[in-house]
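The structure under discussion appears below in the form of structure tokens.
The values are calculated or read from the model by the stated rules, or taken from the named source; none is laboratory data. Quantities reported herein were computed from a predicted structural model and do not represent experimental measurements. No Cβ is skipped: glycine too gets one built from the backbone with ideal geometry, and neighbour counts run over all protein chains shown. We work out accessible area using only protein heavy atoms, side chains counted, and drop any ligands, DNA or RNA first. Shrake-Rupley method; radii C 1.70, N 1.55, O 1.52, S 1.80 Å.
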Amino acid sequence: MADSQIILITGASDGFGHLVAEKLLAKGHTVYATARRTDRMCDLQDKGAHVLHLDVTNTEEVQKVVDQLIAEQGRIDVLVNNAGFGQYGVVEAVSEEQLKYQFDVNVFGMHRLQQAVLPHMRKARSGKIINLGSIVSHVSAPILGWYASTKHAIKGMTEALRMEVRDLGIDVVEIEPGAVRTGFEEVAFDALDKVQAPSDYDTVVKGMTNASRNMYKSAPGPERTANAIVTAIEASRPRAVYKTTTDSHILPLIKRLIGDHRYGAMNLWMARRTL
Ligand SMILES: NC(=O)c1ccc[n+]([C@@H]2O[C@H](COP(=O)([O-])OP(=O)(O)OC[C@H]3O[C@@H](n4cnc5c(N)ncnc54)[C@H](OP(=O)(O)O)[C@@H]3O)[C@@H](O)[C@H]2O)c1
């Protein structure tokens, strides 16, 4: 077994975060599992996790969680910046409020966590930050434009941070899954339902909804992505980026080969076929 590490995970109540927590506990690591729905982490608590309420949009709560972890453990080895959701909806119709909340969770949430843990990691000249990116930081699609924009932001920030802290002994890793069956799909479509789009967009919204629903039916489960996160945590020299699904390897290549316009046409053709 690799040396036992002190690991803070955001968004551990479901999907990747929950499975990663389970795997790390089984390997004997010390896990701080956090999310808003603490009732969904009772099983992790039974397995030895420290379960804490954390809404990543709440700066004071982020600081409180990190302070508690440091008071109890004296150090933090790894932050898994995983909490996030997809605000689906056509670009024009997503409201300013919905968009601000999307960035508050996906982007500012990561910033809050990083600001809280980095002083401890810099002081120790050691640590690892693992940020959940996505294939959509390379290839976007109708109805997920604003979600994709948060993952583009995360990619740009993560790459810069990796260089900034390299000589301080801190590793920064980006995880890039494609479509994976977790709680993500339902949350994204619930968010889409709350977007009031003009009827001009009916065809694209319906087509993309059907295409995306079909894609998720045959999408892999979270196992491979969770394994990649655990590998990155335990590696003494982790990769900069882990692409964790077949589509996250292939779709950016296809786009590069056929060009932006043909890639867009292909997306729309696939959506229209489902109508
Ligand atoms: N599944 C995919 O297809 C896919 C693909 C690429 C990237 N990703 C990324 O992977 C990450 C994890 O997603 P997932 O697929 O595992 O989805 P999931 O099953 O829906 O899990 C999302 C987690 O994020 C937490 N979360 C959401 N809002 C939060 C907030 N304000 N504060 C704290 N926690 C919050 C949720 O916990 P609570 O609701 O209990 O707070 C939940 O535990 C996300 O960053 C997502 O963008 C997913």
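Odds and ends about this structure:
- Matching residues, the range 23-53, being closer than 18 Å to GLY183 by Cα and either open to solvent by 60 Å² or more (accessible area, probe 1.4 Å) or outside any helix (DSSP H, G or I) (or both): ALA33, THR34, ALA35, ARG36, ARG37, ASP39, ARG40, CYS42
- Answer residue from the range 114-159, given it is assigned to a loop (DSSP other than H, G, I, E, B) and open to solvent by less than 30 Å² (accessible area, probe 1.4 Å) and is farthest from ARG272 (Cα to Cα) among those: GLY133
- The numbered conditions (1) part of a helix (DSSP H, G or I); (2) open to solvent by less than 10 Å² (accessible area, probe 1.4 Å); (3) in contact with a helix residue (DSSP H, G or I) (Cβ under 7 Å, 6 or more places away or on another chain) are all true for PHE16 except (2).
- Inter-residue pairs, beta-carbon under 9 Å, first more than 17 Å from TRP269 (Cα to Cα) and in the range 196-208, second at pLDDT 95 or above and open to solvent by 90 Å² or more (accessible area, probe 1.4 Å), 6+ apart: ALA197/GLU92; PRO198/GLU92
- Among (1) in contact (Cβ under 8 Å) with a residue 60 or more places away in the chain; (2) more than 9 Å from the ligand (Cβ to nearest atom); (3) closer than 22 Å to VAL230 by Cβ; (4) among the small types (Gly, Ala, Ser), the one test that ALA33 misses: (1)
- Answer from ASN227, ASN210 - the residue that is among the polar types (S, T, N, Q), modelled with pLDDT of 95 or more, open to solvent by 60 Å² or more (accessible area, probe 1.4 Å) and assigned to a helix (DSSP H, G or I): ASN227
- All positions within the range 109-148 that are touching a Ser or Thr at 6+ places or on another chain (Cβ under 7 Å) and within 18 Å of ALA35 (Cβ to Cβ): GLY109, ARG112, LEU113, ASN131
- Flag for HIS111 being closer than 22 Å to GLU176 by Cβ, out of contact with any Lys or Arg (no Cβ under 9 Å at 6 or more places or on another chain) and open to solvent by 30 Å² or more (accessible area, probe 1.4 Å): yes
- Qualifying residue in the range 144-151 (condition: touching a residue at least 40 places away in the same chain (Cβ under 8 Å), within 23 Å of ASN267 (Cβ to Cβ) and among the basic types (Lys, Arg)): yes
- Restricting attention to the range 172-224, the residues that are more than 8 Å from the ligand (Cβ to nearest atom) and within 30 Å of SER126 (Cα to Cα) total 5.
- If the condition is being closer than 16 Å to ALA240 by Cβ and buried (at least 19 other Cβ atoms within 10 Å of the Cβ), then the range 166-196 contributes ILE170, ASP171, VAL172, VAL173, GLU174, ILE175, GLU176, PRO177.
- Scanning the range 142-169 for residues that are in contact with an Asp or Glu (Cβ under 9 Å, 6 or more places away or on another chain) and more than 10 Å from the ligand (Cβ to nearest atom) yields LYS155, THR158, GLU159, ARG162, VAL165.
- Pairing residues of the range 96-113 that are more than 9 Å from the ligand (Cβ to nearest atom) and part of a helix (DSSP H, G or I) with residues that are among the basic types (Lys, Arg) and open to solvent by 40 Å² or more (accessible area, probe 1.4 Å), at Cβ distances under 9 Å and at least 6 apart in sequence or on separate chains, gives GLN98/LYS194.
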